[in-house]
1. Do we find that residue 365 is within 25 Å of residue 427 (Cβ to Cβ) and part of a loop (DSSP other than H, G, I, E, B) in this structure?
2. With the requirement that a residue be surrounded by 17 or more Cβ atoms within 10 Å (Cβ to Cβ) and either without any contact (Cβ under 8 Å) to a residue 12 or more places away in the chain or outside any helix (DSSP H, G or I) (or both), what does the stretch 444-459 give you?
3. Has the stretch 73-88 got any residue that is in contact (Cβ under 8 Å) with a residue 40 or more places away in the chain, in contact with a strand residue (DSSP E or B) (Cβ under 6 Å, 6 or more places away or on another chain) and under 30 Å from residue 340 (Cα atoms)?
4. Looking at (1) part of a helix (DSSP H, G or I); (2) surrounded by 19 or more Cβ atoms within 10 Å (Cβ to Cβ); (3) more than 20 Å from the chain's Cα centre (by Cα), can you tell me which one residue 359 breaks?
5. Criterion first (part of a strand (DSSP E or B) and touching a residue at least 12 places away in the same chain (Cβ under 8 Å)) does residue 429 satisfy it?
6. Which numbered condition in (1) over 27 Å from residue 298 (Cβ atoms); (2) at pLDDT below 95 is the only one that residue 486 fails?
7. Would you say residue 326 is farther than 30 Å from residue 211 by Cβ, in contact with a strand residue (DSSP E or B) (Cβ under 9 Å, 6 or more places away or on another chain), surrounded by fewer than 24 Cβ atoms within 10 Å (Cβ to Cβ) and at pLDDT 95 or above?
8. Taking the residues in the stretch 375-392 that are over 23 Å from residue 92 (Cβ atoms) and buried (at least 22 other Cβ atoms within 10 Å of the Cβ) as candidates, determine which candidate is modelled with the lowest pLDDT.
């Protein structure tokens, strides 16, 4: 027995030493804090150039990682963008083309019958959450879901706030109704703060495990509601030349404060060194309240302002702080990226349209693909009132179309009239100068690639005439529909 005492003492010393030494992590399989915004425009942060909104915490996180200047959503509005994100597939594969499946906008101004698609993500599609959970991660979604009644069957262990609703069901203040995890809320509680509380709780409870948190804020989706004290602050602030909306600014500050609290929690728990923070948005900003200048358009258009969005990644030990990347990336890339980061496998036999971005995170300057695509075989009505700037016509933010970007060139095709628009984004980021007439060979080249892609992926193109179409008539029920559109707002 005496001969065993030295070994027992040695084991005790090792145990004590292990408790006292700082925890060592493997940076090749980090935790992931994925902050996914709703209707957050390309210029809606300080690090992207806002002259009115205040985002010091997001600016700091961005400075500690890599900012992508050519990051795109895979769709110009909420539901299809999120379906592309979770599935890693372009819209023709999962067939969520719009918010809902009904026809949108004035019937007598729609030349074609739209492709309705579906409103629920097919549960047989394996999401990145499911793949990553199989790799041993704890997974949670908090906030907007929008793809089904319940996100739990899609690979999440925890759901706070996720339903089929496109926005906070009853606004940003309680009561929130029968929403998972938000049934009880103290008077005056702001839902952005509540989601942050729940996020910190999840991280704390799983600090000794690998985890992925999909913090999908309702902000800054309509209704445009901010904390009264912050709204008052911005009403007293000198407006910027680009931004000046006090309530939007208040909402954005609440999101920024959320990011700051999360960063502080990671520091306190000793998890900063092994947590990758990804910040992204589902589409361009809400046109009546923000501006993406010099980009043309806003949420719902397939001009740059509707699909180019802010994106940064902070990954300690892998991403060089203060880096920028100009390579075009798109929402379907998130799936293979997260799988590579976490060591999860891509599902066998399931089509995948994205490519992993980890080579860019590590300093690469290109990706192994030629083009990125968008496909929208439906209609999205204009915002209410007279708000119709930066879109092709007064009635719709977009009509049925497909879009391709190859290098610096971007080609739009509109199915109603066969119109083609070509832009050189290096020289004309605002898409003001349509080069289709001046560069017919480039148009022919890109259009051929776009048609080939549609054929390969099985993209449906609307061709049936709409019997209600009557362009000479005033839009039926225009005022009533405008008011409905104002209520639906950012959808």
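1. Numbers: within 25 Å of residue 427 (Cβ to Cβ): yes; part of a loop (DSSP other than H, G, I, E, B): yes.
Yes: the conditions hold for residue 365.
2. 459
3. Yes, some residue in the stretch 73-88 is in contact (Cβ under 8 Å) with a residue 40 or more places away in the chain, in contact with a strand residue (DSSP E or B) (Cβ under 6 Å, 6 or more places away or on another chain) and under 30 Å from residue 340 (Cα atoms).
4. (2)
5. Values: part of a strand (DSSP E or B): no; touching a residue at least 12 places away in the same chain (Cβ under 8 Å): yes.
Against the criterion (part of a strand (DSSP E or B) and touching a residue at least 12 places away in the same chain (Cβ under 8 Å)), residue 429 does not qualify.
6. The one condition residue 486 does not meet is (1).
7. Working: farther than 30 Å from residue 211 by Cβ: yes; in contact with a strand residue (DSSP E or B) (Cβ under 9 Å, 6 or more places away or on another chain): yes; surrounded by fewer than 24 Cβ atoms within 10 Å (Cβ to Cβ): yes; at pLDDT 95 or above: yes.
Considered against the rule, which asks whether it is farther than 30 Å from residue 211 by Cβ, in contact with a strand residue (DSSP E or B) (Cβ under 9 Å, 6 or more places away or on another chain), surrounded by fewer than 24 Cβ atoms within 10 Å (Cβ to Cβ) and at pLDDT 95 or above, residue 326 comes out as yes.
8. Of the stretch 375-392, the ones over 23 Å from residue 92 (Cβ atoms) are 382-391.
Now restrict to residues that are buried (at least 22 other Cβ atoms within 10 Å of the Cβ): 382-383, 391.
On the way: 382: 95, 383: 91, 391: 94.
Filtering the stretch 375-392 for residues that are over 23 Å from residue 92 (Cβ atoms) and buried (at least 22 other Cβ atoms within 10 Å of the Cβ), the one modelled with the lowest pLDDT comes out as 383.
The values are calculated or read from the model by the stated rules, or taken from the named source; none is laboratory data. Everything quoted here is computed from the prediction, not taken from an experiment. For neighbour counting, all protein chains shown are included, and Cβ atoms are generated from backbone atoms with ideal geometry for every residue, glycine included.
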